[in-house]
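Have a look at the structure below before the remarks.
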Amino acid sequence: LIKLRRKLHPFLLRRLKKEVAKDLPDKIVRVAHCPLSKDQHMVYKKLLESAKKEISSLVDAQGFNKSRMQILKILLQLRQTCCHLDLLKDHHEPGTYEAPSAKLDAFLELLDEAVDGGHRILVFSQFVSMLKLLREELERRSHSYCYLDGSTQDRLQQCQRFNLNPDIPIFLISLKAGGTGLNLTGADMVVHFDPW
């Protein structure tokens, strides 16, 4: 994959907004801080404590370089805990907690506000399982949306459907599947769901 990227890089054109659409205003970046729910805080604290012990013993036994993958796995679990507890399938059954995601609750508030204001939103997540949870919530609330992850067969049709239909205010996109090669001009807001 890395070799392929190196060979293709000279042929890929990446243009900046200031080069193609000088009349557009500067982008506004808003970081929405969200404290963990009580359940998330409890799980995060337990994971963090066990992670510290595990990483310490791993590094002592194998050295840092040989422990890197396990350390990355632990960091991934901590990030998933911050998104939604149902992403931690190894640790519990989905639906076990009363408040599995304060971030989801905050996102839904932001979404309602944005849709009521006539905005159209691209929602990115690295976790396909998180996108599926978001999709379930959108369906429960009867929101129209488009969806794209690595298994989507009709990528371009989904993009065209979103760009051409103003009645679809939300596009859920996997970061990996939607990171390159898409022209999404129909949205005026972007939400990255994952940051810690």
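Key figures for this structure:
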item: Accessible area per residue, Å², the stretch 32-181 with all protein chains present, probe 1.4 Å; result: 59
item: Prolate/oblate/rounded call for the stretch 120-196, Cα gyration tensor, a/c under 1.5 rounded; result: rounded
item: Set of the stretch 152-196 residues, backbone N closer than 17 Å to the point 7 Å along the Cα-Cβ line of R5; result: 175-182
item: Length released on extending from K89 to S56, taking residue separation times 0.36 nm less the Cα-Cα span; result: 9.4 nm
item: Among (1) 167; (2) 244; (3) 201, the entry that matches volume of the Cα convex hull per residue in Å³ as calculated here; result: (1)
item: For the stretch 31-116, diffusion coefficient by Stokes-Einstein and Kirkwood Rh (Cα), 25 °C, 0.890 mPa s, µm²/s; result: 171
item: Nearest 10 degrees, 0 to 90: helix 128-140 Cα axis against the chain principal axis; result: 60
item: Cα centroid of the stretch 62-86 to Cα centroid of the stretch 120-180, whole Å; result: 27
item: Largest-first ordering by accessible area, 1.4 Å probe, given options K132, K89; result: K89, K132
item: Cross-link reach list, lysines versus K27, counting only Cα pairs under 19 Å and skipping chain neighbours closer than eight places; result: K17, K18
item: The chain: angle of helix 102-116 to the longest principal axis, Cα-based, in degrees nearest 10; result: 10
item: Cβ-Cβ FRET estimate between D116 and Q160, R0 fixed at 22 Å, reported to 0.05; result: 0.30
item: Distance (nanometres) between label positions extended 7 Å along Cα→Cβ at T96 and R30; result: 3.5
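The values are calculated or read from the model by the stated rules, or taken from the named source; none is laboratory data. What you see is a predicted model; the values in this text were computed from it and never measured. Heads up, the Cβs are rebuilt from the backbone with ideal geometry, glycines too, and the neighbour counts pull from every protein chain shown. Side chains included, ligands, DNA and RNA excluded: accessible areas come from the protein's heavy atoms. Shrake-Rupley method; radii C 1.70, N 1.55, O 1.52, S 1.80 Å.
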